[in-house]
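Structure, as structure tokens:
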Amino acid sequence: MKLNDTLAAVVTGGGSGLGEATARALAAKGVKVGIFDVNEESGNRVAAEIGGTFAKVDVSDPDSVAGGLDIVRATNGQESICVNCAGIAPAAKTVDRDGNSHDAATYAKTIGVNLIGTFNVSSQSAAGMCAQDPLNDDGERGVIINTASVAAYDGQIGQIAYSASKGGVVGMTLPMARDLSRNGVRVMTIAPGIFGTPMVSGMPQEVQDALGAMVPFPSRLGQPGEYGKLAISICENAMLNGEVIRLDGAIRMAPK
Ligand SMILES: NC(=O)c1ccc[n+]([C@@H]2O[C@H](COP(=O)([O-])OP(=O)(O)OC[C@H]3O[C@@H](n4cnc5c(N)ncnc54)[C@H](O)[C@@H]3O)[C@@H](O)[C@H]2O)c1
């Protein structure tokens, strides 16, 4: 897919971190970007800075997603690119120090935002993509990029809900790509290692330095722009489909 100003994209979690970097990278290529976020202030700020459109959307709610798609499509037209970056990462053990089992509501919320939210946006976006004319000689109609995490494979202590949600995103990748293959819509997932986003940059500097030192090479935190660059490559390379790419400097997380 050749990125230019004839294309539109939707980026969830576009008000911060990896989503923000991706929204900026797409806009720099001329793509008209619709940003979904629960945080109105940051979502509006990024949208204003890149000449994009913001819609307040809670990805875990299918009606909210449908309403957001109506808003951004009214301005930008049908999106050919859908990038799912909205996510939450609460930490809790299966059984805590005091003997209490993991709060079921926290578990359900994590699955609701990270896994069901990704499903809600990607399935509704795909329906619109399938209905549009092909963009090129390959018959390509769109690309969906989901965000898992290395925690899908090497979940740490306290990451049971988060790892399960991200494992679900990994598991959806191939069947969703197969489902949409007849329609020329590709599906890829990026599994980031540790990136310097607000999720991490709020930690004390020595903790961030220690996290960076755990990465074999390059020994530092990933930069959000590096995620954005991979998202752009995935859009541009039509042979990338149905696969998960770890973007992690070869890190394999220890139990804690
Ligand atoms: N930063 C990392 O090291 C890292 C590593 C692996 C995976 N990830 C994943 O990458 C994605 C982006 O993370 P980030 O580091 O940029 O985090 P971030 O907190 O900077 O950004 C996440 C954005 O999602 C939004 N959001 C949260 N819940 C939402 C909901 N229900 N509906 C709509 N928007 C919602 C937040 O308001 C925020 O703007 C997440 O899925 C995260 O799990 C991040």
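A few notes on this one:
- Region 140-256 - Kirkwood radius from inverse mean 1/r over Cα pairs (Å): 15.1
- Residue among Asn241, Gln223, Ser122 farthest towards the positive dipole end of region 8-247, charges placed on Cβ: Asn241
- Relative packing of 3-15, 209-221, 91-103, which averages over residues the other C-beta atoms within 10 Å, highest first: 3-15, 209-221, 91-103
- The calculated FRET efficiency for Lys109 paired with Arg252, based on their beta-carbon distance and R0 = 22 Å, is about 0.20.
- Within region 8-247, antiparallel bridges make up roughly 5 percent of the DSSP beta bridges whose residues both belong there.
- Point-to-point label distance, Glu206-Lys229, nm (Cα→Cβ direction, 7 Å offset): 3.2
- Taking other residues whose beta carbon is less than 15 angstrom from the beta carbon of Ala254, and scoring Lys, Arg as +1 and Asp, Glu as -1, yields 0.
- R0 of 35 Å, Cβ-Cβ distance Asp63-Leu174: FRET efficiency to nearest 0.05: 0.80
- The label-point distance for Arg97 and Glu236, in a model that sets each label 7 Å from Cα toward Cβ, rounds to 5.0 nm.
- Pairwise centroid distance, computed over Cα atoms, of region 17-56 with region 85-142, Å: 19
- Rg/Rh for the chain stands at 0.97; both radii use Cα atoms, and Rh follows the Kirkwood definition.
- Given R0 = 30 Å, the distance between the Cβ atoms of Glu41 and Asp138 translates into a calculated FRET efficiency of 0.15.
- Protection proxy ranking, peptides 240-247, 21-28, average beta carbon neighbours within 10 Å, highest first: 21-28, 240-247
- Loop-resident chymotrypsin sites (Phe, Trp or Tyr not before Pro) (DSSP state other than H, G, I, E or B) in region 142-251 with no more than 13 further Cβ atoms inside 10 Å of their Cβ are absent.
Bear in mind these aren't lab numbers, they're just calculated from the coordinates by the rules spelled out. What you are looking at is a predicted structure, and each value in this text was computed from that prediction instead of being measured. Heads up, the Cβs are rebuilt from the backbone with ideal geometry, glycines too, and the neighbour counts pull from every protein chain shown.
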